[in-house]
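Heads up: the structure comes next, in structure tokens.
Computed from the coordinates by the stated procedures, all read-outs in this text should not be read as laboratory data. Nothing here was measured: the structure is a model prediction, and the numbers come from that model. A quick note on method: Cβ atoms are made from the backbone with ideal geometry, for glycine too, and the neighbour counts reach across all protein chains shown.
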Amino acid sequence: MEARAIQRTVRQSARKMRLVIDLIRGRAVAEADAILRFSKKRAAKQIHKVLKSAVANAQQAAQRQNTPFDADQLRVKYAVVNEGATLKRFTAAAMGRATPILKRTSHVEIHVATDATPTPAAKAGPAPATATNAQPKAKARATPKKKTQRKTRKKTQKPAKKASK
């Protein structure tokens with residue numbers, strides 16, 4: 001079972017809301033609910049509303065299809081905050097000028113889906129060390145390191161002072 005909920009034009013910048021949405025992405029709905037309920041961020045309240053709406057949408061879809069529904073098996077499959085329309089306002093500035101104020105908005109989208117049954121290996125814990133996973137792979141650099149070239153200065157020979165008598 002999969003369901004989604006979208007809230008558009010939330011009056012908070014997407015950058016601030018992404019800090020909170022990153023906390024719940026991929027987590028169980030019950031855990032995400034607890035994180036949002038006790039978060040001090042203002043964005044958590046709006047995201048919590050969207051999460052509750054997505055769970056309610058999943059419940060309605062289950063009733064329509066006449067299938068059993070368990071909210072504890074839901075996971076946050078997809079959670080994203082995109083930028084919305086920017087409200088442009090102006091305020092007075094010195095010497096009769098006006099400076100712009102950008103009031104940013106955002107769109108919150110959350111998809112929840114039933115959790116696939118976890119495999120027994122996932123419950124057992126970390127896998128034993130084998131030849132394939134015993135040594136960590138070396139990370140390749142995205143860009144090669146630039147070689148710094150040192151310029152060597154030629155030391156100028158100062159002519160010896162001639163003693164004039």
Filtered trypsin sites (Lys or Arg not before Pro), region 29-79: DSSP coil and at most 13 other beta carbons within 10 Å: K40, R42
Chymotrypsin sites (Phe, Trp or Tyr not before Pro) lying in DSSP loop within region 16-89, provided at most 15 other Cβ fall within 10 Å: F38
Nonlocal amide H pairs with L74, under 5 Å, H built at 1.01 Å: V29, D115
